[in-house]
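Notes follow the structure.
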């Protein structure tokens, strides 16, 4: 269960209408108080003004939903009896830090800066007290439902969201769900899903002026454009010294534990010297992470061949193995190459005639296939060849068919020989061997 802080304004209700109150506790307050409760740890997550989140701590944002606008919002206004050119002071209501910061930016460096008199006094006042002082040449910032129920005498009104979009061309984000980095991922997901469901149901739940306001004036999607607007606001506010940092990090997607057969124990057993059976070898082919498979094959190779030397030989026509006793296994032929490797091991047990094995994209005598034929498939096969063929001395790469880059990678997957190199590739081949961490030795 989570303690969720939110505000009682109409604009916030779509984001909280569908929250499961049987599982979570909702705490209502005005925006500044909700931000204080989050900072004090009295709630676990809260719908807070963006500027508060940029000032109060290392918070992260719930993705996908927020309260924003692109154009007039009708609920965040600078109001007065006189036009901006005559203002002597502006009272900024303390109910929302974001709206206060936005007003300061618009009045000091945005489109209103050229309209208001020099020396304009801009002062913050306690929550819900600004409108009472709006008279004559004194203007006020009015927020929320109060902005939709103004005294008729306040005939001069400037919509801050509209002014922001006209200035930047971007949406404005007023409030986001924010919490500490250790917030339960299930709560993050629930708030995002509940918010989207609540927004989708606006036309069913609301009517009249409320429906028009929620549907036509507000923007609830925290998409790329909204994030751009938020970051632009953060950058401007940070530069002006109004917030502590200029960006908020999103909560990441929940980590899902993917089902995977137990292959760790198999890899540990092979590393300890146990022989791989066909079933375990096929399980490693299908389920072992390549990075783990390659690491174990590399350790096995070093344990059986302690030398850090990698041999190569020069051969103008490098398409075929230059020495007897080197066998090829094809990947991509459609055959079960794991079974082929086990069969080679059995043959070696009987004859002892195999000096090395080369894994190719396809066996030399067969047509190139379409399955199991990617670079990662090839490296998986190289690593498994080293683990299965515990009785075969060498793993031999093939520069001719793989190229130097793939041949180099195979040296970190259990191979200890580069194979045949064309005369004009010797310098490059030696460089690749050294970059793989070994010493090149010409056979």
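Could you please find all residues in region 183-213 being crowded, with 19+ Cβ neighbours inside 10 Å and part of a loop (DSSP other than H, G, I, E, B)?
183 - this is the single residue of region 183-213 that is crowded, with 19+ Cβ neighbours inside 10 Å and part of a loop (DSSP other than H, G, I, E, B).
Confirm whether residue 138 is farther than 17 Å from residue 75 by Cβ, in contact with a strand residue (DSSP E or B) (Cβ under 8 Å, 6 or more places away or on another chain), at pLDDT below 90 and surrounded by 16 or more Cβ atoms within 10 Å (Cβ to Cβ). Give the derivation first.
On the way: farther than 17 Å from residue 75 by Cβ: yes; in contact with a strand residue (DSSP E or B) (Cβ under 8 Å, 6 or more places away or on another chain): yes; at pLDDT below 90: no; surrounded by 16 or more Cβ atoms within 10 Å (Cβ to Cβ): yes.
No, not satisfied.
Picking from 158, 122, which residue would you name as being free of Cβ contacts under 8 Å to residues at least 60 places away in the same chain and in a strand (DSSP E or B)?
Numbers: 158 fails: free of Cβ contacts under 8 Å to residues at least 60 places away in the same chain.
One residue alone meets the criteria, 122.
Is it the case that region 178-196 has a residue that's touching a helix residue (DSSP H, G or I) at 6+ places or on another chain (Cβ under 8 Å), closer than 27 Å to residue 78 by Cβ and in the same structural domain as residue 228 (by TED's automatic domain parsing)?
Yes, region 178-196 contains at least one residue that is touching a helix residue (DSSP H, G or I) at 6+ places or on another chain (Cβ under 8 Å), closer than 27 Å to residue 78 by Cβ and in the same structural domain as residue 228 (by TED's automatic domain parsing).
Scan region 25-36 and tell me whether some residue there is at pLDDT below 90, assigned by TED's automatic domain parsing to the domain that holds residue 184 and in contact with a helix residue (DSSP H, G or I) (Cβ under 6 Å, 6 or more places away or on another chain).
Yes, region 25-36 has at least one match.
I'd like the residue in region 100-115 that is part of a loop (DSSP other than H, G, I, E, B) and touching a residue at least 12 places away in the same chain (Cβ under 8 Å) and, out of all such residues, is farthest from residue 157 (Cα to Cα).
We begin by selecting, within region 100-115, every residue part of a loop (DSSP other than H, G, I, E, B); these are 109-115.
Going one step further and asking which of them are touching a residue at least 12 places away in the same chain (Cβ under 8 Å), we end up with 109-112, 115.
Values: 109: 19, 110: 16, 111: 15, 112: 12, 115: 14 Å.
Here the residue is 109.
Could you please give the count of residues in region 39-54 that are within 27 Å of residue 217 (Cβ to Cβ) and touching a helix residue (DSSP H, G or I) at 6+ places or on another chain (Cβ under 7 Å)?
9
Of all the residues that make up region 40-54, how many are assigned to a helix (DSSP H, G or I) and in contact (Cβ under 8 Å) with a residue 12 or more places away in the chain? Before you say what the answer is, go through the steps one by one.
Step one: of region 40-54, the residues assigned to a helix (DSSP H, G or I) are 40, 50-54.
Next, only the ones that are in contact (Cβ under 8 Å) with a residue 12 or more places away in the chain stay: 50-54.
Summing the residues that are assigned to a helix (DSSP H, G or I) and in contact (Cβ under 8 Å) with a residue 12 or more places away in the chain in region 40-54 gives 5.
Would you point out which residue out of 170, 154 is in contact with a helix residue (DSSP H, G or I) (Cβ under 7 Å, 6 or more places away or on another chain) and surrounded by 15 or more Cβ atoms within 10 Å (Cβ to Cβ)? Break it down into steps so the answer makes sense when it comes.
Numbers: 154 fails: in contact with a helix residue (DSSP H, G or I) (Cβ under 7 Å, 6 or more places away or on another chain).
Of the residues listed, the single one that is in contact with a helix residue (DSSP H, G or I) (Cβ under 7 Å, 6 or more places away or on another chain) and surrounded by 15 or more Cβ atoms within 10 Å (Cβ to Cβ) is 170.
Go through region 393-416 residue by residue and tally those that are closer than 11 Å to residue 301 by Cα and surrounded by 24 or more Cβ atoms within 10 Å (Cβ to Cβ). Break it down into steps so the answer makes sense when it comes.
If we filter region 393-416 for residues that are closer than 11 Å to residue 301 by Cα, which is where we start, we get 393-395, 411-416.
Going one step further and asking which of them are surrounded by 24 or more Cβ atoms within 10 Å (Cβ to Cβ), we end up with 395, 413-415.
Final tally of qualifying residues: 4.
As an exercise: evaluate residue 199 against (1) in contact with a strand residue (DSSP E or B) (Cβ under 6 Å, 6 or more places away or on another chain); (2) farther than 24 Å from residue 43 by Cα and give the number of the one condition it does not meet.
Unmet condition: (2).
Of all residues in region 214-236, which are in a helix (DSSP H, G or I), in contact (Cβ under 8 Å) with a residue 24 or more places away in the chain and farther than 18 Å from residue 169 by Cβ?
The answer is 214, and nothing else.
The values are calculated or read from the model by the stated rules, or taken from the named source; none is laboratory data. All values reported here derive from a predicted model rather than from experimental measurement. Every residue, glycine among them, receives a Cβ derived from its backbone with ideal geometry; neighbour counts consider all protein chains shown.
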